Structure formats: C-alpha cells, structure tokens
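Data block below; observations after.
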Amino acid sequence: MYNVAKIRADFPILSREVNGKPLVYLDNGASAQKPQVVIDAITRSYANEYANVHRGLHYLSNLATDNYEAVRGKIAKFLNAVSENNIIFNSGTTEGINMVAYGWAMPNLKAGDEIILSVMEHHANIVPWHFLRERQGVVLTWVDVDATGALDPQAVIDAITPKTKLIAITHMSNVLGTKVDVKSICAGAHAKDVPVLVDGSQSAVHMAVDVQDIDADFYAITGHKLYGPSGSGAIYVKPERMAEMQPFLGGGDMIREVSKDGVVYNDSPMKFEAGTPGIVQMIGLGTAVDYMMDHGMEAIASHENSLRDYAISKLAGLNWINVQGTTPDKGAIFSFTMDGAAHPHDISTILDKKGVAVRAGQHCTGPLMEHLGLNATCRASFAMYNTTAEIDIWIDALELAHDLFG
Ligand code: PLP
C-alpha cells in the first residue's frame, strides 16, 4: 500500500516552511528532494567509510570501493541491464551524452552523416550534437511533435535516410511530460541499423525502465532527479556500442598501464571512468535507487498518474491557463502560461510567496520554445511525495496570481 504521508516523513525538507507557508515543492523536474536514507548514506560515507576508491591497499579504501562498486549492480537492476558492466558512472546525463558524442559519435561519424533529434530535446541532448555539426559537418534532422505534444514514433523512423547514424531522443519531455514510445523507435531504427540514444533523465524518475525491453543502445540517467545527490549519474551502453566507443576523458583509473610510448586501457566500463569519481555521490545514488525500488516503480508511477489526473481536472476549471502538452498518458509535468500580461517569472514569484516552488523560463529547451511560439513557461512537476492537497494549494495560488495580473 502506497503511503504518501509516510514517504513525506522520509524527506526532511518537506516539513520546512518557505515565506511563512508550508513548502509545496513542485520543481522536481529540475531536481528532486532527498530522503533521510540518502542523507544518512552520504554522512556515513564521509564520517566513517571514506577513502579514494580502486586504490585498495588499506581497509577504508577497500570499504569505500565495495560501497561504490555495489552501486553498479543496483543501477543495472534499476534499469534491468543484463550486466553491471554495461553501466558507466558519471556526474549526470549531461556528461553521459557528451561522452557518447565525443567517444562514440566523433570517431564514427563524418561530414554529411545525420543525427535525428526531436524538437522537444533538452539542451543536454542537443548541444553535444551541435558540436558535431560545427566541428565535423554532421547534419541535425529535427522531428516535430503534434499539437498535443505527442511524438509519432513512425515520424522518427520515417526521418531515417541512408545517412542517418544516430537517433538521440528523450523518453519523457521535461516540459510537456510527453512519454515517447522509444521501444518502437528502437525497433524501427535497428531494422535500418541505426543506433538510438535515449535521454532517460525524466522518465527513469516516473516509470519503470527496462533497457533490454526498449533495446536502447545508450540510456542516460541523472542522479539528482532520482532523489540522489547532484553530481551523480550513469549511462547504460550496449556491449557492441561500448566496443565501438573511445574513452572521452583520460587520466587515472581508466588505464592499466602508461608508459612514455603508450597506454593500455582498463577493461570496460572502467575504461570510460577517468580520475577520482563522485564516490559519495554515487553511494548516495545507490541508496536512492534502492529507496525507489523498495517502494516499487509501478506504485510510484500509479501515485503520480493519479496526481496528474487530479491536476488535469483542476486545471480544466481555469480557462485562463494554457497547458502545453495535453496527451492524456503523460508524466505529471505541467508547463503553462496564463492569459494576459503575466510573465511566467512573475507567476512563479507569486506562487513562491505562497510557499509553492515551480520553475519558470525556457527549461533548457530552446527549439521546443520556438516550436511552441513561446519565450517561457511556468512548470509544475510532481514527485513520489506530492499530494492532491498540494495541488489544491498550487491551484489557489494560481487563482491569486490571476487576480493580481489577469
Ligand atoms: N535531459 C532532460 C530531459 C532533463 O530534464 C535534464 C535536466 O533538466 C537533462 C537532460 C540534464 O540533466 P543534468 O543537468 O542532470 O545533466
């Protein structure tokens, strides 16, 4: 039985006030709050179990290495990867996608080759591909969403040409909440020998992910949205793609031998992890994914789906709110503007006065904003600990903003 009151009690920050009001935290799409178990894991690591990893000549280093390496199996389980050797640790999705751009795409793509992107990608899944456009003459092909924010998987497959070398696509839009049928896209792309990178930054928080079922070539996740520490993350890479990939960062840990004349790299996945990593951050992320799996991803998704449906029903009563992204089976993410002169920044300032934290701006999605013909939106994004009572407070605060600006 999903007990949201008990879950809320696990997150210390949720009991604080902001501007004299109980905090209503609806900025989870930007970063989620941390349960006490994650805070405790971080404290325990630093207070009692800290040393550098993979330098195991003393007790603490072995202990830290064991704690750190155990996370690889947890993330493999979380994503249902065949093996933990398919999991490369990093600082988050931005680093994961850049690693693929530098390590896999740059050596394997040439001028005129094409990469397909959807118009709703986050800049983290756009800018690394612009590097290839600028530096190697790779062509970016864009696929639009429809008026509801849905992306037709067939439109992505139809955009494939003999020059297409990669599809880089989000699994869930951080603005519209749209879920993308990445499984069908992978099937259609693989039939034409095109690999697929999936940006799982938002989806992995809100639904069970099975990288084997999706058959993704690359699947990136970011720890701070998964109730874990910032500076933690991972990317799943299929063995055949890993074999084609060159290291992106060079340094300690990713090598077996270094001489004046050459280097012998470590085995994968260590080959792709240079330097002292975010040891404690990754240990915190391991605890966070355990926490999510203990509650069950299906149960979390079902709770968030009821929040989504409740929010849709409440917003339907506000005919001066324009919600972007109206597919019914979306994630619990609502980007909106208000009729009249109110700028999203002003709306979010009013909401903040009521203790309601939302995000306002472009959400790192320049091409989507252009497609929507907007400069900015407000975004309320929900998490496993949010409640329908908080939706009511948000709606009341919107009505106040409308009274002031409308
Ligand atoms: N992709 C999506 C869809 C996101 O929402 C985000 C973060 O907002 C990112 C990528 C980038 O994640 P990070 O900044 O943690 O690397």
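Go through the residues of the range 17-27 one by one and say whether even a single one is open to solvent by 50 Å² or more (accessible area, probe 1.4 Å) and on the phi > 0 side of the Ramachandran plot. Please lay out each step first, then the result.
Our first condition is that a residue be open to solvent by 50 Å² or more (accessible area, probe 1.4 Å); within the range 17-27, this holds for 17, 19-22.
If we keep only those that are on the phi > 0 side of the Ramachandran plot too, we end up with 19-20.
For the range 17-27, residues open to solvent by 50 Å² or more (accessible area, probe 1.4 Å) and on the phi > 0 side of the Ramachandran plot: present.
Please work out which residue is nearest to the chain's Cα centre (by Cα), limiting yourself to the range 90-101 and to residues that are assigned to a helix (DSSP H, G or I) and near the ligand (Cβ under 8 Å from one of its atoms).
Step one: filter the range 90-101 for residues assigned to a helix (DSSP H, G or I), giving 93-101.
Pick out the ones that are also near the ligand (Cβ under 8 Å from one of its atoms) and you get 93-97.
Values: 93: 6, 94: 9, 95: 12, 96: 11, 97: 11 Å.
Applying the filter and picking the extreme gives 93.
Scanning the range 208-217 for residues that are assigned to a loop (DSSP other than H, G, I, E, B), among the aliphatic types (A, V, I, L, M) and more than 14 Å from the ligand (Cβ to nearest atom) yields 208, 216.
Out of curiosity, is residue 101 under 30 Å from residue 162 (Cα atoms) and open to solvent by 60 Å² or more (accessible area, probe 1.4 Å)? Write out each step before concluding.
Working: under 30 Å from residue 162 (Cα atoms): yes; open to solvent by 60 Å² or more (accessible area, probe 1.4 Å): no.
Taking the combined requirement at face value, the residue does not satisfy it.
From 87, 75, which residue is within 16 Å of the ligand (Cβ to nearest atom), of a type outside the set (Ser, Thr, Tyr) and under 30 Å from residue 132 (Cβ atoms)? So that I can check it myself, show each step before the final result.
On the way: 87 fails: within 16 Å of the ligand (Cβ to nearest atom).
When all the criteria are applied, what remains is 75.
The set of residues from the range 296-327 being more than 22 Å from residue 147 (Cβ to Cβ) and polar (S, T, N, Q) comprises 302, 305, 306.
Condition check for residue 107 on (1) open to solvent by 10 Å² or more (accessible area, probe 1.4 Å); (2) farther than 21 Å from residue 272 by Cβ; (3) away from the ligand (no atom under 16 Å from the Cβ); (4) not in a loop (DSSP other than H, G, I, E, B): one failure, at (2).
To keep it simple, each residue is scored yes or no on (1) more than 16 Å from the ligand (Cβ to nearest atom); (2) aromatic (Phe, Trp, Tyr); (3) assigned to a loop (DSSP other than H, G, I, E, B); (4) at pLDDT below 95.
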residue	(1), (2), (3), (4)
141	yes, no, no, no
145	no, no, yes, no
148	yes, no, yes, no
151	no, no, yes, no
188	yes, no, no, no
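When both residues are 6+ apart or on different chains and their Cβ atoms are under 6 Å apart, which pairs have a first residue that lies in the range 210-227 and is among the polar types (S, T, N, Q), and a second that is within 12 Å of the ligand (Cβ to nearest atom) and part of a loop (DSSP other than H, G, I, E, B)? As it stands, the answer is 222/92; 222/201, since those pairs meet every condition given. Within the range 110-125, the set of residues being in a loop (DSSP other than H, G, I, E, B) and near the ligand (Cβ under 9 Å from one of its atoms) comprises 120, 121, 122. Does any residue of the range 30-48 turn out to be assigned to a strand (DSSP E or B) and modelled with pLDDT of 95 or more? No: zero hits.
In the set 201, 230, which member is within 11 Å of the ligand (Cβ to nearest atom), open to solvent by 10 Å² or more (accessible area, probe 1.4 Å) and in contact with a strand residue (DSSP E or B) (Cβ under 6 Å, 6 or more places away or on another chain)?
Numbers: 230 fails: in contact with a strand residue (DSSP E or B) (Cβ under 6 Å, 6 or more places away or on another chain).
Exactly one of 201, 230 is within 11 Å of the ligand (Cβ to nearest atom), open to solvent by 10 Å² or more (accessible area, probe 1.4 Å) and in contact with a strand residue (DSSP E or B) (Cβ under 6 Å, 6 or more places away or on another chain), namely 201.
So which residues in the range 358-387 are open to solvent by 60 Å² or more (accessible area, probe 1.4 Å) and in a helix (DSSP H, G or I)?
Looking only at the range 358-387, we keep the residues that are open to solvent by 60 Å² or more (accessible area, probe 1.4 Å), and these are 359, 362, 370-371, 373, 375.
Those that are open to solvent by 60 Å² or more (accessible area, probe 1.4 Å) and in a helix (DSSP H, G or I): 370, 371.
Counting just the residues of the range 28-67 that are within 26 Å of residue 202 (Cβ to Cβ) and of a type outside the set (A, V, I, L, M), which one comes out surrounded by the fewest Cβ atoms within 10 Å (Cβ to Cβ)?
Restricting attention to the range 28-67, the residues satisfying the condition of being within 26 Å of residue 202 (Cβ to Cβ) are 28-39, 41-42.
So of that shortlist, the ones also of a type outside the set (A, V, I, L, M) come out as 28-29, 31, 33-36.
Numbers: 28: 26, 29: 29, 31: 15, 33: 18, 34: 23, 35: 25, 36: 13.
Here the answer is 36.
Only one entry in 156, 237 is closer than 23 Å to residue 102 by Cβ and touching a strand residue (DSSP E or B) at 6+ places or on another chain (Cβ under 6 Å), namely 237. Residues that are outside any helix (DSSP H, G or I), in contact with a Cys (Cβ under 8 Å, 6 or more places away or on another chain) and either under 21 Å from residue 23 (Cβ atoms) or open to solvent by 40 Å² or more (accessible area, probe 1.4 Å) (or both) are absent from the range 337-357.
Given 70, 47, which one is over 10 Å from residue 280 (Cα atoms) and within 22 Å of the chain's Cα centre (by Cα)?
70
When the range 261-310 is filtered for residues that are in a loop (DSSP other than H, G, I, E, B), open to solvent by 60 Å² or more (accessible area, probe 1.4 Å) and either among the charged types (D, E, K, R) or free of Cβ contacts under 8 Å to residues at least 60 places away in the same chain (or both), the ones remaining, listed by number, are 261, 267. Scanning the range 243-254 for residues that are modelled with pLDDT of 95 or more, away from the ligand (no atom under 16 Å from the Cβ) and open to solvent by 10 Å² or more (accessible area, probe 1.4 Å) turns up 243, 244, 246, 247, 250, 251.
Quick one: which residue in 244, 134 is charged (D, E, K, R) and under 26 Å from residue 276 (Cα atoms)? Give the steps one after another, and end with the answer.
Working: 134 fails: under 26 Å from residue 276 (Cα atoms).
Matching residue, one of 244, 134: 244.
The values are calculated or read from the model by the stated rules, or taken from the named source; none is laboratory data. The structure displayed is predicted, hence computed values, not measured ones. Here Cβ is always computed from backbone atoms with ideal geometry, including for glycine, and neighbour counts include all displayed protein chains. In case anyone asks, the SASA skips ligands and DNA or RNA and just uses the protein heavy atoms, side chains included. Shrake-Rupley method; radii C 1.70, N 1.55, O 1.52, S 1.80 Å.
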